[in-house]
Structure formats: C-alpha cells, structure tokens
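Peer 1: Here it is, the structure, as structure tokens.
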Amino acid sequence: MLTRMLQPYVPLLILIVFVVANAILMLGVSHILSSYRRTPTKIGPYESGMPVLGDARERFSVKFYLVAMLFIIFDIETVFMIPWAVAFRQLGSMAGLLIVEMFVFMLILAVGYVYLWKRGALQWD
C-alpha cells in the first residue's frame, strides 16, 4: 500500500539524486583536474575588465541611490499593473472598485516620482 502511494514520486526522487550526484561529480572533477596557482592577477579585484579606479569602500553619490529608487518604483509599477489589467476584464461587476484601487496605487507611485524629480534624479548632468 505504501509503495503504491509513493510510486508517483519516484521520477522526482530520481531527478533529485541525479542533480545532487551531478553537482558532486562536477565539483570533484574540477577540484581534481584544476591547477590552482595564486598570482597577483588572480587574487586582484576584477571589475569587468577595467582597471580598478578607487577603493571599494568610497562613498557613492546620492544620485546613484535616487536612480536606483526610480528603477524600483518603475519595476513595482510594471509588476502590479500587468496582472491588474488582466484581472480587470474578468471581474466585470467589481470594475469600479478596481479603478479606484489603481488610481490610489498610481497616486502613491506619483508621490515617489515627484520626490525623485524634486531631488534631481531625472536630470542628466
């Protein structure tokens, strides 16, 4: 009885065993076949092929954080508006409530955009 209940999970268990064995095998083979020599080039920091310009702990401009906030606000707006638009047609009688809800959501996002605009995040220097 117990084996009949577990029978649908056998392919999943085989997959998990294969993935774990494959990961262990790849790590083991790469460790055995690799020749690791510490050179100044290998232990130096790598920044997209460019030489390092400064210390990693130097302060960033506030503008960097403002642009990041702008991206997050735009991303949140997109993530929530697309499902809302799909659900809008399906909920016919609740359409009025959905429109009010979306206007409130857009108002909150507009406050974020105005804040970033006033702080100068949209100006290109």
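The values are calculated or read from the model by the stated rules, or taken from the named source; none is laboratory data. Model, not experiment: these values are computed from the prediction. Calculation scope for accessible area: heavy atoms of the full protein, side chains included, ligands and nucleic acids excluded. Shrake-Rupley method; radii C 1.70, N 1.55, O 1.52, S 1.80 Å.
Peer 1: What is the percent of Cα-Cα separations in the chain that go past 18 Å? Let's see the in-between values first.
Peer 2: Details: 6007 of 7750 pairs.
Of all Cα-Cα distances in the chain, 78 percent exceed 18 Å.
Peer 1: Follow-up. For the range 79-90, in order, what is each residue's ³J(HN,Hα) by Karplus, 6.51 cos²θ - 1.76 cosθ + 1.60 with θ = phi - 60°, in whole Hz (x at glycine and Pro)?
Peer 2: 4, 8, 7, 5, x, 5, 5, 5, 6, 4, 6, 6
Peer 1: Quick one: pull the percent of accessible area on the chain belonging to carbon and sulfur, 1.4 Å probe, ligands and nucleic acids left out.
Peer 2: 72
Peer 1: Would you mind calculating the gained length between residue 62 and residue 102 on full extension (0.36 nm times residue separation, minus the Cα-Cα distance), in nm to one decimal? Mind showing how you got there, number by number?
Peer 2: Numbers: separation 40, 0.36 × 40 = 14.40 nm, distance 3.05 nm.
Working it through step by step, the gained length comes to 11.3 nm.
Peer 1: Expressed as a rounded percentage, what relative contact order does the chain have, with Cα pairs under 8 Å and six or more residues apart?
Peer 2: Rounded, it is 28 percent for the chain.
Peer 1: Show me, for the range 30-45, the HN-Hα J-couplings you get by feeding each phi into the Karplus relation (A = 6.51, B = -1.76, C = 1.60, θ = phi - 60°), rounded to Hz, glycine and proline as x.
Peer 2: With the stated coefficients, the range 30-45 comes to 5, 5, 6, 7, 7, 10, 9, 10, 7, 10, x, 5, 6, 8, x, x Hz.
Peer 1: A further question on this structure: Suppose the chain between residue 71 and residue 6 were pulled fully straight at 0.36 nm per residue; how much longer would it get relative to their current alpha carbon spacing?
Peer 2: On the way: separation 65, 0.36 × 65 = 23.40 nm, distance 4.68 nm.
Extra length available between residue 71 and residue 6 comes to 18.7 nm.
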